[in-house]
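Asks: Sharing a structure with you now.
The values are calculated or read from the model by the stated rules, or taken from the named source; none is laboratory data. Worth saying up front: this structure is predicted, and the values here are computed from it rather than measured. With ideal geometry, Cβ positions are generated from the backbone for all residues, glycine too; neighbour counts draw on all protein chains shown. The protein model used for the area step is the full one, side chains on, heavy atoms only, and it has no ligands, DNA or RNA in it. Shrake-Rupley method; radii C 1.70, N 1.55, O 1.52, S 1.80 Å.
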Amino acid sequence: MVASLTRRFGDLDIAEDATAEAFAVAVERWPSDGVPPNPGGWLTTTANRKAIDRIRRENKRDDKQRAAQMLRDGDAPEQGAVDDDRLRLIFTCCHPALALESRVALTLRMVGGLTVPEIARAFLVQESATGQRITRAKAKVKAAGIPYRVPSEEDLPARVSGVLAVLYLVFNEGYLATGPDSDPVRPHLTAEAIRLTRLVRALLPEDGEVAGLLALMLLTEARRPARVSTSGELIPLATQDRAAWDPTLIAEGHRLVRERLATGQAPGRYQILAAINAVHTSARDARDTDWSQVVALYDQLVRLDPSPVVALNRAVAVAELDGPEVALAAVDPLAQALAGYHAFHATRAELLRRLGRTAGSREAYDQAIALAGNTAETAYLSRRRDELV
């Protein structure tokens, strides 16, 4: 709805506010009037009326008068290579006139539907800073007159990196939600991220990173059925029922990884992450995982992305190859950079547990539980902590 209203009225604020108002009216009326036969159509019609009302209230502004003209059917925006409102909205929010952090935050809000607290957790920053970033980004879109369209073919390569970053974060929020007020897994977000990534690949079929991100999503999504137990507890990779993994998604993901390897081109970040997931999904049993290959791939990734989170993930693989003591020596220096990141403390807790350092492990579990928002992850961490003796 936000995407279609943005196409019609050309204003992100109007689109978002009118959508919210339509849902508010539905909450008020539907319990007594009943759900209409076409709920989506009802909501869209109501939102359009709310938007028109707002434009009429502000019709003294010339730009609002021009926006009102977009109501006429003949003024629909020119269709691009892919006719998809949400894809156009992504490229609008990811315009290079915006700082990269603002592009990602704005798109997560407008396209992914993530809340400000969820976006703040994704960035590991304060909610207030995230809200300000989104507000400034929307104002910049309006002031700069950024067009609502998929860019031309020659402009696509320069614009795609921000789009991929957004799609990856939307997917991650769906695969393992960051907040306690939502389901631990949000399949509608993972499905939408995959759908949009397929559309981007249709625009850029030769782009290795687009193919890499799609492969990464498919191989990760394939494991979702085994990710959470019936009691609502997170199941880590090592103990998942691999028979429950989706073989069709795994086959497609492996094919994409092989195709990229066959090109002989140096892989990017998403291609390396996809290759790591291909190694994991190739093993029939967790004990069969080729950890030396996983560590080698992380070594490549660290050279491209020397971030603390990548270093943490590499250390997890090192623990399987060289033992927990070596891994802990790599994890501890990340303490300052990742103090607010629950996965850092969860990793330390597991490593200390394996080393028999129970008191330190319990303390690390406590920190991880306090920071983790996902209910399934909290349940798993709590059980692991409570099992310590």
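Asks: DSSP loop GluC sites (Glu not before Pro) in the range 132-234 with at most 15 other Cβ atoms within 10 Å of their Cβ, which ones?
Replies: Glu206
Asks: Please state the relative contact order of the chain as a whole percent: Cα pairs under 8 Å, 6+ residues apart?
Replies: Worked out over the chain, it gives 11 percent.
Asks: Right, next: Hey, if you put +1 on the Cβ of every Lys and Arg and -1 on every Asp and Glu Cβ in the chain, which of Gly268, Ser292, Thr45 ends up farthest toward the positive end of that dipole?
Replies: Thr45
Asks: Report in % the part of the accessible area of the range 178-303 that belongs to carbon and sulfur, leaving out ligands and nucleic acids; probe 1.4 Å.
Replies: Summing carbon and sulfur atoms, their accessible area is 53 percent of the total for the range 178-303.
Asks: Something else about it: Testing the spin-label approximation: label points 7 Å from Cα along Cα→Cβ at Asp299 and Arg383. State their distance in nm.
Replies: So the two model labels end up 3.6 nm from each other.
Asks: Students often forget the sequence filter, so: which aspartates and glutamates lie under 17 Å Cα-Cα from Lys140 once same-chain residues fewer than 8 apart are removed?
Replies: List returned: Asp11, Asp13, Glu16, Asp63, Glu101.
Asks: In the range 271-372, with Lys and Arg counted as +1 and Asp and Glu as -1 at Cβ, which of these residues, Ser282, Leu334, Ser307, has the Cα nearest the positive end of the dipole, that is, farthest along it?
Replies: It is Leu334.
Asks: Accessible area of Ser382, 1.4 Å probe, to the nearest 10 Å²?
Replies: Around 30 Å² of this residue is reachable by solvent.
Asks: Mean separation of Cα pairs under 8 Å and 6+ residues apart, divided by the residue count of the range 314-363: what relative contact order is that in percent?
Replies: 31 percent
Asks: Still on this structure, please answer the following. Work out the length of the dipole vector of the chain about its Cα centre, built from +1 on the beta-carbon of each Lys and Arg and -1 on the beta-carbon of each Asp and Glu, and round it to the nearest 20 debye.
Replies: Taking the Cα centre of the chain as origin, the dipole is about 660 debye.
Asks: Of Tyr365, Tyr380, which has the most accessible area with a 1.4 Å probe, and how do the rest follow in descending order?
Replies: Descending order: Tyr380, Tyr365.
Asks: Next question, about the same structure. Picking from His345, His188, His254, which is most flexible by a Gaussian network model of the chain using Cα springs under 10 Å?
Replies: In the Gaussian network model the winner is His188.
Asks: GNM, the chain, Cα, under 10 Å: largest mean-square fluctuation among Ala330, Ala15, Ala376?
Replies: Ala330
Asks: Find the accessible area per residue for the chain; the probe is 1.4 Å, ligands and nucleic acids are left out, and the unit is Å².
Replies: Normalised by residue count, the accessible surface of the chain is 49 Å².
Asks: Cut-off 10 angstrom, C-alpha nodes, Gaussian network model of the chain. Which of Arg88, Arg54, Arg242 fluctuates the most?
Replies: Arg54
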